[in-house]
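Undergrad: Just passing along the structure, written as structure tokens.
Bear in mind that the values in this text are calculations on the coordinates, not laboratory data. A quick note: this is a predicted structure, and the numbers were derived from the prediction, not measured. Virtual Cβ from ideal backbone geometry, glycine too; neighbours counted across all protein chains shown.
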Amino acid sequence: MPPEMTPIDGEGQRKRVCYFFDSDVSGFHYGPGHPMKPTRIRMCHSLVMNYGLYKRMEIFRAKPATKREMTQFHSDEYVEFLNKITPSNMNSFIKEQHKYNVGDDCPVFDGLFDYCAISAGGSMEGAARLSRDKCDIAVNWAGGLHHAKKSEASGFCYVNDIVLGILELLRYHTRVLYIDVDVHHGDGVEEAFYTTDRVMTVSFHKYGEYFPGTGELRDVGIGKGKYYALNFPLRDGVTNENYKSIFEPVIRQVMESYDPGAIVLQCGTDSLSGDKLGCFNLSMKGHANCVKFVKSFNKPLLLVGGGGYTMRNVSRCWAYETGLAAGVELGKEIPMNEYYEYFGPDYELDVKASNMDDMNSPEYLDRVKSIVLDHLRQVGGPPSVQMTDVPRLPMDEIVEDDPDEDMVDPNDRRPMRLLDSRRQAEGELSDSDDEGEGGRRDHASHKDRDSSVATGRRFGAAVGIMSTGTTHGVGPSVAPPVASGSGGGQVTSAEQSDMEVDDGVPLAQIAKAKTAAGKTNGAGPSGEATQP
């Protein structure tokens, strides 16, 4: 008996779906005991194939991203480091490992660069196919590595495929919306687009003594990007009903105010109930409701993976969401597949919520939602962008139709020369604040990386991603650094009100008390405890 697939009621024209999978991805291993397991992507693919979803979408093996393509966002030195470091030569790169944060959460393993290239290639080619109207929805579950920075690995992420995919979308779309439902804040993507109005980032995440410590309510962007970064901090145990009550109104208002040309949805499944590193209480259908709702806006949509550390639940959820993208709801009985024994004892597709307490009171959620929507009202409508002719990049050669393609042996991969034939012009992309010329270089040494530097942005407790927070509070214990010339370090009443969303004592008052306590315990001049 074939597995059950039920067409979704009320769907108009069926979406054209491009699904990216590379069988090599399951061959990579972060190391014994590490929670990130790339095998989960193959488990999901096994479900996708055995449910018969391949009949309803196109399946591609994307060309792995090249070093040159990665440097559209990442620094040349960092990409070169990822390309050359291996477990056998890593002892020769001790200094570089410290500089680029490679070693603990982000270990060196065999095939590290190839793994990054597969992840980034799927998101970039998916974005390219969306931009050229070759599909309506692109799916890359190997992507979604949202913590990676320009010159630093973070939170199991080395290369930020999402930023690279968004940069590809921006070549054709004036505005791109990024939505993140991972339990961890999407800090790498937010940071990359923190100063621009061409990308709006919206993240729903656990906040307070939890990795990466960023993403508080007042982080809204700076310069032209002010109010184009939205953060919804949540506490432990959020349920389907409460999540839906905040997600749908916020995203609906974002769509009305921002009117993006394309959407990227990061579907991290560590927000599911029972995740090894997560602390939310979403069921599979509660998580998938986000995909269904975002899909309903009928915009070009790139779905990427992300966190998720209970493999059987990750694969269930992503397979179900692949079905939603293709216009069907998968039946609950899991078909026979190569990982069938992982899904016992019930062998059903569903991931159920548990009975854990929801620490998000209705009053708290309403208060935070009103502040987020108020930030959104500051946008005042979609920003206008002057578009020019789209420059050609190597990615164009991959996705454009070749009139002689039918004559090519289907077993041959496209030659590397197609990707390497063009070199990015010097200065085509702006340098970040810590690189380039013109007096903008940041001379801070990487040896001082643990010291507190007032950057104008708020960074919370330095908790590793493999640690799970034990507190249920909203904010960190220290008030943010204040830019010079803004009132001699005084926090304005408007800033205080943004964080006074706790049911009890205002957090501004708590922050002052804890800051005073920190000074008596060897706190540094910024009010943060110094590292031993």
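Undergrad: Given labels modelled 7 Å from the Cα in the Cβ direction, how far is it in nm from Glu241 to Glu77?
TA: My value for the distance between the label points is 5.4 nm.
Undergrad: Still on this structure, I have one more. Restricting attention to the stretch 302-390, which trypsin sites (Lys or Arg not before Pro) occupy a DSSP loop and are surrounded by at most 15 other Cβ atoms within 10 Å? Write down the numbers at each step before the final one.
TA: Details: sites: Arg312, Arg316, Lys332, Lys352, Arg367, Lys369, Arg377; in loops: Lys332, Lys352.
Those that pass, being in a loop and sparsely packed, are Lys332, Lys352.
Undergrad: Take the cross-link list Lys134/Lys276; Lys276/Lys332; Lys15/Lys276; Lys15/Lys226; Lys67/Lys99 and give me the ones stretching past 29 Å between alpha-carbons. Present the calculation step by step, with values, prior to reporting the outcome.
TA: On the way: Lys134/Lys276 38 Å; Lys276/Lys332 23 Å; Lys15/Lys276 34 Å; Lys15/Lys226 34 Å; Lys67/Lys99 19 Å.
From the list (Lys134/Lys276; Lys276/Lys332; Lys15/Lys276; Lys15/Lys226; Lys67/Lys99), the Cα-Cα distance tops 29 Å for Lys134/Lys276; Lys15/Lys276; Lys15/Lys226.
Undergrad: Taking amide H atoms as placed 1.01 Å from N in the peptide plane, list the residues 5 or more away in sequence, or in a different chain, whose amide H sits under 5 Å from that of Leu302.
TA: The list, which skips near neighbours in sequence, is Ala138, Ile263, Val264, Leu265.
Undergrad: By DSSP, what percent of the beta bridges with both residues in the stretch 13-379 are antiparallel, rounded to the nearest 5? Intermediate results must be reported in sequence, preceding the final value.
TA: Values: 3 of 34 bridges.
Bridges in the stretch 13-379 that DSSP calls antiparallel: roughly 10 percent.
Undergrad: I want the local charge near Asp161. Using Cβ-Cβ distances under 12 Å, sum +1 for each Lys or Arg and -1 for each Asp or Glu among the other residues.
TA: Working: positive: none; negative: Glu69, Glu125, Glu168.
Every neighbour counted, the sum reads -3.
Undergrad: In addition: Given a Förster distance of 22 Å, report the FRET efficiency between Glu363 and Arg252 from their Cβ-Cβ distance, rounded to the nearest 0.05.
TA: Details: r = 22 Å, r/R0 = 0.99.
The formula returns an efficiency of 0.50 here.
Undergrad: Next question, about the same structure. So how much slack lies between Glu58 and Lys292, counting 0.36 nm per residue of separation and subtracting their Cα-Cα distance, in nm? Display every interim value, and only then the final one.
TA: Working: separation 234, 0.36 × 234 = 84.24 nm, distance 1.98 nm.
Contour length minus Cα-Cα distance gives 82.3 nm.
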